[in-house]
Amino acid sequence: MKFIDLKPKHQLIGHKINARIQKVMEHGQFILGPEVREIENKLAEYTGSKHCITVSSGTDSLLIALMALGVGPGDEVITVPYTWISSAEVIALLGAMPIFVDIRSDTWNMDDTVLEAAITEKTKAIMPVSIYGQTPDMDKINQIADKYGIPVIEDAAQSFGATFKGRKSCNLSTIGSTSFFPTKPLGCYGDAGALFTNDDELAEKFRCIRVHGQGRKHHHPILGINGRMDTLQAAILLEILEVFPGEVNKRQQLGQAYSKGLAGVKGASTPIIRENHTSVYAQYTILSDRREEIQISLREKDIPSVSYYSVPLHLQPVFAHLGLKTGDFPVAEKVANECLSLPMSPYLAYEDQIRIIDIILAA
Ligand SMILES: Cc1ncc(COP(=O)(O)O)c(C=O)c1O
C-alpha cells in the first residue's frame, strides 16, 4: 500500500492530461502560455477570490507574498512552530525574524488567544498555517490583525478546497497562499503554487515579482524572482481541477470513516474538525502516546505511516540563533511527539481503510 497513491488518478484522467500536454507541445508557449491564465481564472472562481496569481511553488508563493508586503531585515513575522519549514524559512530568507506562537491543542492551528501578546511594532505580517487541511478560526485572527493594521497571509498549502463559515480557504485574509506539490489536496505533476487576494495593488505586485520584478519589458522597478508556474503544470492542473470537487467529497468521507472507526482507540485521539469548518484532510493524523507501537504494527503489515514535523521549527538547528528551547511551545512539542499520519488519498480503497483501522485497534 502507498502512503499517498497518485496512480489511480492518472489511470482515470491520464488520457485527458496527455491531450492537454500535447496541445502545449504544439503551441510551444511554455512560459506564461494561455493555460496559465485559464487556470488562474478557474482557481479564482473556485475560491471566490478576485485575483489568482500562479507561481513556481508553495514556498515561492509565501516568499513573493512577504516580498510584496516589503518584509525585510529588522521586521518580524508571526507564524507557528508546528508546520513545514517553508513557513518560517521564507521569513528568515528575507532577513526578517520568525516569531512563533503556539498552536491549539484541538486543531493544531495557531492559538489566537496568545497571538496578540506576540505583536510588536516590528510585526509586518501574521502567517497562520491551515495544518492538515483545516483552517484556523480566521475571523479571530483577522480581528486581532485588523486592530493593529497588520496583513494576514494564510499558508493554505494543505487546505485548498477547505471551508470556513462557507468561504473557501485561500480567500479568508489579505493573502492566501497554496501549493500544488503532487501530494497536496490539489496537486499537479511537479512544483507549483498560487497566491490569492482581493487587493488589486497586491495582485499587481505579485505578478511583477514572479517575473524578476519586471513591469513593462526590460524595466525592473522592484526586486523579484523567477517564480512562474510552468504552462505544462497549468495544463495538467486544468484537468485535475475538473475531478477535484469529487475528490474533496471522497476525502471528507474517508476522514470521517477513519474517525468513526478509530473512536475510542486505546491511548490515541482523532482529529477534531470544528464547527463552521470543513477539512480536506491533506493528512489524516492521529495523536498517540503509543505512536511507535502503532507505527510498528502498521509497518509489519506493510502499511506506511508518517510523523510529520516531529522536530518543531523552534527546535530546528537552522533556527538555533533564535535562542528558543524545549518547553517554549508545549502544545506544538506534544503534537510533534505524538502525531502519526495514516495513508490518505481520495482513491484509498474502503477495504484498505478497514484493514488500517483494525490493525490500529489491535495494536
Ligand atoms: C504548510 C506548508 N507551507 C508551505 C509549503 C511549501 O510548498 P511547496 O512544497 O510547494 O514549496 C508546504 C509544502 O509542503 C506546506 O505543507
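In the chain, with Lys and Arg counted as +1 and Asp and Glu as -1 at Cβ, which of these residues, Y82, Q253, L241, has the Cα nearest the positive end of the dipole, that is, farthest along it? Farthest towards the positive pole: L241.
Counting only DSSP beta bridges whose two residues both lie in region 62-140, roughly 10 percent are antiparallel.
Bridge orientation summary for the chain: considering DSSP beta bridges with both residues in this region, about 65 percent are antiparallel.
So what is log10(I(q)/I(0)) for region 88-131 at q = 0.14, 0.16, 0.17, 0.20 1/Å, when the Debye sum runs over its Cα atoms only? Here the Debye-derived log intensity ratios amount to -0.35, -0.45, -0.51, -0.68.
Can you work out the accessible area per residue across region 230-352, with the rest of the protein chains kept in place, probe 1.4 Å, in square angstrom? Working shown, then result.
On the way: 5610 Å² over 123 residues.
Using a 1.4 Å probe on heavy atoms only, each residue of region 230-352 averages 46 Å².
Taking only protein heavy atoms and a 1.4 Å probe, the accessible area of the chain is 53% carbon and sulfur.
Need the list of aspartates and glutamates near K140 for cross-linking: C-alpha distance under 12 angstrom, and skip anything on the same chain fewer than eight residues off. Filter leaves D111, D112, E116. For region 79-119 versus region 287-359, the spacing of their alpha-carbon centroids is 19 Å.
Is the shape of region 42-128 rounded, prolate or oblate, going by the alpha carbon gyration tensor and its root eigenvalues a ≥ b ≥ c, with a/c under 1.5 for rounded and a/b larger than b/c for prolate? Judged from the Cα gyration tensor, region 42-128 comes out oblate (a/c at least 1.5, b/c at or above a/b).
Distance between the 7 Å Cα→Cβ label points at R216 and F3: 5.0 nm.
Give the residue list of GluC sites (Glu not before Pro) in region 35-139 that are DSSP loop and have at most 10 other beta-carbon atoms within 10 angstrom.
Numbers: sites: E35, E38, E40, E45, E76, E89, E116, E121; in loops: E121.
Here the GluC sites (Glu not before Pro) that fit, given the DSSP loop and packing criteria, are E121.
Charge dipole of region 66-214 (Cα centre as origin; +1 on each Lys and Arg Cβ, -1 on each Asp and Glu Cβ, all else neutral): 380 debye, rounded to the nearest 20.
Name the residue farthest towards the positive end of the dipole of the chain from the options H10, I103, S307, assuming +1 on Cβ of Lys and Arg, -1 on Cβ of Asp and Glu, about the Cα centre. Value computed over the given set: H10.
If you scale each eigenvalue of the Cα gyration tensor by 5 and take the root, what three semi-axes come out for region 112-196, rounded to whole angstrom and sorted largest first?
Working: eigenvalues 123, 35, 20 Å².
Rounded to whole Å, the semi-axes are 25, 13, 10.
So which of K23/K217; K2/K260; K124/K184; K205/K325; K122/K217; K9/K260 end up more than 30 Å apart by C-alpha? From the list (K23/K217; K2/K260; K124/K184; K205/K325; K122/K217; K9/K260), the Cα-Cα distance tops 30 Å for K205/K325; K122/K217.
What does the C-alpha gyration tensor say about the overall shape of the chain? Classify as rounded when a/c is under 1.5, otherwise prolate if a/b is larger than b/c, or oblate. Kindly include the intermediate steps, with their values, before the conclusion.
Working: a/c = 1.90, a/b = 1.15, b/c = 1.66.
It comes out oblate by the Cα gyration axes.
Rg and Dmax, both from the Cα atoms of region 231-270 and both in Å, are 16.1, 49.
About the Cα centre of the chain, what is the dipole size in debye to 20, counting +1 per Lys and Arg Cβ and -1 per Asp and Glu Cβ, all else neutral? List each step's numbers first, then the result.
Numbers: 36 positive and 42 negative charges, 143 e Å.
Charge dipole, the chain, about its Cα centre: 680 debye, nearest 20.
Solvent-free Debye calculation, one equal scatterer per alpha-carbon of region 210-315: log10 I(q)/I(0) at 0.15, 0.18, 0.22 Å⁻¹ equals -0.90, -1.03, -1.20. Rounded to the nearest 20, the Cβ-based charge dipole of region 40-131 about its Cα centre (Lys and Arg +1, Asp and Glu -1) stands at 240 debye.
Loop-only check: which trypsin sites (Lys or Arg not before Pro) in region 84-192 are DSSP coil with at most 14 other Cβ within 10 angstrom?
On the way: sites: R104, K122, K124, K140, K147, K165, R167, K168; in loops: R104, K122, K165.
Answer in residue order: K122, K165.
Note on region 18-161: antiparallel DSSP beta bridges, both residues inside, total approximately 10 percent of the bridges counted.
Using a probe of 1.4 angstrom and keeping all protein chains present, the accessible surface of region 1-85 works out to 45 square angstrom per residue. For region 153-206, a/c is not less than 1.5, where a ≥ b ≥ c are the root eigenvalues of the C-alpha gyration tensor, and a/b does not top b/c. That puts it in the oblate class.
The values are calculated or read from the model by the stated rules, or taken from the named source; none is laboratory data. The model shown is predicted, which means the values in this text are computed figures rather than measured ones. Don't worry about glycine lacking a Cβ; one is built from the backbone with ideal geometry, like all the others, and counts go over all protein chains shown. Calculation scope for accessible area: heavy atoms of the full protein, side chains included, ligands and nucleic acids excluded. Shrake-Rupley method; radii C 1.70, N 1.55, O 1.52, S 1.80 Å.
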